Amino acid sequence: MTSSVASPPSALAAWALATRPRTLVAGVVPVAVGSAIAWREHAFSLLPALAALIGALFIQVGTNLVNDYFDFKRGADTADRLGPPRATQQGWLTPRAVFTGAMVCFAMAFIVGLYLVSVAGWPLVVIGLTSLAAGYAYTGGPFPLAYNGLGDVFVLVFFGFVAVGGTYFVLAQAVSTLALLAAIPVGLLGVALLAVNNTRDEKTDAAAGKKTLVVRFGSRFGKAEYVTCLLVSALVPLGLVVAGLATPWVLLCWLSAPLAMAPLRTLFTQTGTALNQALAGTAKLQMVFGILFAAGLTQ
């Protein structure tokens, strides 16, 4: 099926769509969770938290634009694309403009990072530069992570452990067992999003040489990965309570469970463009789970 629109959007709207606004919750939730733990430990400070959020969003938007550029260049985004339309693939923005936009976002993240280094010290240099390099390497460079089955690991590490743990470190200047464990469901819900995306795109990714885990092991793997991510995400908060690291308030996140039903049903009964609904549903689940999880961690 060919993705198309009745008429091209304005330049401003094209840029807004190129940022993939629905995915930005994946950048907000880790900062919220890391900040909540810092709040609980009386280490929260508004300005560094806002800087961490802005830096995380710049890195994510930059990564999205790099992905837009390289997926087009490598032939993964074509007229046969099943997912939402992409700015480069649709011709709304030139490849050069999109790549330049990505570099501007990374530069802005670097500038924000300089402030965070002044707050939390040299470890933020390592965290920041590694995050920028990984954002580019997700689809760029000689060994693009997403094209070699490492996209899932990238999401878990950088949208989970690095984002949550890094936010906590900025605020508390310390490493926290609770922050690292709380990063697991945050990262896994991001992986769940990727599992839906890769299951939908199995055939087009295979044709483009994009060897995701779903391409390597099949759509059954993608579905099993999705279910596993949701189950582990639900069990980790209970583990935190049992271990005495969090209060039962953290189980507020279980109130988001009904939101998993529709995307699960769609993933297991539909294929192709219908999975875009499962993607949207999973993004909503991630947002609500993240908000409730962060709220529970403040107690």
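The values are calculated or read from the model by the stated rules, or taken from the named source; none is laboratory data. Just so you know, these numbers come straight off a predicted model, no measurement behind them. Here the Cβ positions follow ideal geometry from the backbone for every residue, glycine too, while neighbour counts run over all protein chains shown. Calculation scope for accessible area: heavy atoms of the full protein, side chains included, ligands and nucleic acids excluded. Shrake-Rupley method; radii C 1.70, N 1.55, O 1.52, S 1.80 Å.
Overview of results
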quantity	calculated
Yes/no for Leu65 being touching a Gly at 6+ places or on another chain (Cβ under 7 Å), more than 27 Å from Phe169 (Cα to Cα) and open to solvent by less than 20 Å² (accessible area, probe 1.4 Å)	yes
Helices (runs of 4 or more DSSP H) within the range 137-215 that include 1 or more residues farther than 24 Å from Ile54 by Cβ	151-156, 177-200, 202-207
Hits in the range 163-183 - residues which are β-branched (Val, Ile, Thr) and free of Cβ contacts under 8 Å to residues at least 40 places away in the same chain	Val175
Meets criteria (more than 29 Å from Leu297 (Cβ to Cβ) and open to solvent by less than 30 Å² (accessible area, probe 1.4 Å)) for Gly209	no
Residues of the range 248-263 satisfying the condition of being more than 19 Å from the chain's Cα centre (by Cα) and either crowded, with 18+ Cβ neighbours inside 10 Å or among the aliphatic types (A, V, I, L, M) (or both)	Val250, Leu251, Leu252, Leu255, Ala257, Met261, Ala262
Unique residue being more than 19 Å from the chain's Cα centre (by Cα), modelled with pLDDT of 95 or more, farther than 20 Å from Ala294 by Cβ and open to solvent by less than 30 Å² (accessible area, probe 1.4 Å) when the list is Gly218, Gly141, Gly222	Gly218
Inter-residue pairs, beta-carbon under 9 Å, first under 14 Å from Lys223 (Cα atoms) and touching a residue at least 12 places away in the same chain (Cβ under 8 Å) and in the range 253-265, second of a type in the set (Ser, Thr, Tyr) and in a helix (DSSP H, G or I), 6+ apart	Ala260/Thr282; Pro263/Tyr226; Pro263/Thr282; Leu264/Tyr226
